[in-house]
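K.L.:
The structure under discussion is supplied below as structure tokens; questions concerning it will follow.
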Amino acid sequence: MSRSSGPATNGFDGKVVIEVRCNEYTMRDHNRHVPWSPDEIAADAAACREAGASVVHFHARDPETGAMRGDTETYAAVIRAIRSQSDVLVNPTLGASTIPDPLQRVAHIPELAKDPATRPELAPVDLGSFNVDPFDWDTLQFRAEEIVYRTSVAGLRHEIDAITAAGVGVQSVLWTVGSARCLGAFLAMGVLPSPAFAEVTLSDVMLSTHPGTVRGMQALVEFLPPGVHWSVSCFGGNLLGLVTAAVEAGGHVSIGLGDYPYRELGEPTNAEVVAEVVRMVRAMGREPATPDEVRAVLGVGA
Ligand code: ZN
């Protein structure tokens, strides 16, 4: 049997990077365990680390209302709280379409990086421009017909340059085959360093992405530049059905309550979702990667 997609070629000796996407801008109406405050995110991250996660992606939120917070102080408070309890890599959002100007969108990353105590290991950049329209298949309505998440090539380069100049690694977020081709161009230009770390973003409700199915994932992965480390996520859909196929294809897993409430598991915490992924990974004879292993392979957090 071919081992072409097996342990020797995923770059992590076959170990699987599990990133927890703990909160996004998700409210608590479908699962009350979505963490908002710095202390909640930190406790959640520590429990996820205990369960097998090595990276935590978070959005800064108002502790009381869950509203979006974009101030550097809140991001810093979250990172300090996480690091007081755990050695996971931190990967704070840029704010995506909520901050239209790419210069403003990335501004907190160099600020956070001035202090090694709050310097993130990673920051995500969405490679492209997209209509951001969650579609409700029950009511047959788009929720946000006017919202465009727009970033020019110059804007992308500004974000990437600001992140890398701050000593932070870039997570290239891929929504389409076009994003994968843009990643290839940026690698060829030397805009992005190798090895690249990418996230294949699928969605059942965000129609600018590929669908959250094995075929949707494979259609994008087929166009990844060679040598890219990649994980898969699914916004608004259950990713558990793709874990085995992703790992088998040499990929990693980005999952959490920010994307989907996972009521199939009851009303789980993020750590319980991570534990389910670890159970599946171990059933394949694989182990989750540790944070230090991720730092070493990606060359971040030095
Ligand atoms: Zn996010």
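The values are calculated or read from the model by the stated rules, or taken from the named source; none is laboratory data. From a predicted model like this one, the values you see are computed outputs, not experimental measurements. When we count neighbours, we look across all protein chains shown, and the Cβ atoms used for this are built from the backbone with ideal geometry, even at glycine.
K.L.:
Return the residues of the stretch 3-25 that are modelled with pLDDT of 95 or more and hydrophobic (A, V, I, L, M, F, W, C); say none if nothing qualifies.
P.N.:
Across the stretch 3-25, the qualifying residues are Val16, Val17, Ile18, Val20, Cys22.
K.L.:
Among the listed residues Val214, Val228, Val205, identify the single one that is more than 25 Å from Gly285 (Cβ to Cβ) and among the β-branched types (Val, Ile, Thr).
P.N.:
Every option except Val205 fails the conditions.
K.L.:
Before we move on, is Arg28 modelled with pLDDT of 95 or more, over 25 Å from Ala166 (Cβ atoms) and out of contact with any strand residue (DSSP E or B) (no Cβ under 9 Å at 6 or more places or on another chain)?
P.N.:
Here the answer is yes, as Arg28 does meet what is asked.
K.L.:
Another question, then. Answer yes if at least one residue in the stretch 135-148 is more than 27 Å from Pro211 (Cα to Cα) and among the hydroxyl-bearing types (Ser, Thr, Tyr), and no otherwise.
P.N.:
Within the stretch 135-148, none of the residues are more than 27 Å from Pro211 (Cα to Cα) and among the hydroxyl-bearing types (Ser, Thr, Tyr).
K.L.:
Does Leu103 meet the test of being in contact (Cβ under 8 Å) with a residue 40 or more places away in the chain and over 17 Å from the mean Cα position of the chain (by Cα)?
P.N.:
yes
K.L.:
State all residues of the stretch 78-107 that are within 16 Å of the ligand (Cβ to nearest atom) and of a type in the set (D, E, K, R); if no residue qualifies, say none.
P.N.:
Scanning the stretch 78-107 gives a single hit, Arg105.
K.L.:
A further question follows. Just name the residue that is modelled with the highest pLDDT out of those in the stretch 117-141 that are surrounded by fewer than 16 Cβ atoms within 10 Å (Cβ to Cβ) and either under 17 Å from Leu192 (Cβ atoms) or touching a strand residue (DSSP E or B) at 6+ places or on another chain (Cβ under 9 Å) (or both).
P.N.:
Residue satisfying both the conditions and the ranking: Gln141.
K.L.:
Does Val191 qualify as being of a type in the set (Val, Ile, Thr), at pLDDT 95 or above, under 25 Å from Pro116 (Cα atoms) and in a strand (DSSP E or B)?
P.N.:
No, not satisfied.
K.L.:
Go through the stretch 98-116 and give me each residue that's in a loop (DSSP other than H, G, I, E, B), modelled with pLDDT of 95 or more and aliphatic (A, V, I, L, M).
P.N.:
Of everything in the stretch 98-116, those that are in a loop (DSSP other than H, G, I, E, B), modelled with pLDDT of 95 or more and aliphatic (A, V, I, L, M) turn out to be Val106, Ala107.
K.L.:
Still on this structure, please answer the following. Go through the stretch 39-49 and give me each residue that's touching a residue at least 60 places away in the same chain (Cβ under 8 Å) and within 16 Å of the ligand (Cβ to nearest atom).
P.N.:
Asp44, Cys48, listed by residue number.
K.L.:
I would also like to ask the following. State all residues of the stretch 20-38 that are within 16 Å of the ligand (Cβ to nearest atom) and touching a residue at least 40 places away in the same chain (Cβ under 8 Å); if no residue qualifies, say none.
P.N.:
Within the stretch 20-38, Val20, Arg21, Cys22, Asn23, Glu24, Tyr25, Thr26, Val34, Pro35 meet the criteria.
K.L.:
With the requirement that a residue be of a type in the set (Val, Ile, Thr), more than 16 Å from the ligand (Cβ to nearest atom) and either at pLDDT below 95 or closer than 23 Å to Gly167 by Cβ (or both), what does the stretch 50-77 give you?
P.N.:
Result: Thr72, single match.
K.L.:
Still on this structure, I have one more. Where residues in the stretch 82-108 are β-branched (Val, Ile, Thr) and buried (at least 22 other Cβ atoms within 10 Å of the Cβ), which of them is nearest to His210 (Cα to Cα)?
P.N.:
Thr93
K.L.:
Mind listing whichever residues of the stretch 113-124 are within 16 Å of the ligand (Cβ to nearest atom) and in contact with a Lys or Arg (Cβ under 9 Å, 6 or more places away or on another chain)?
P.N.:
The one that is within 16 Å of the ligand (Cβ to nearest atom) and in contact with a Lys or Arg (Cβ under 9 Å, 6 or more places away or on another chain): Glu121.
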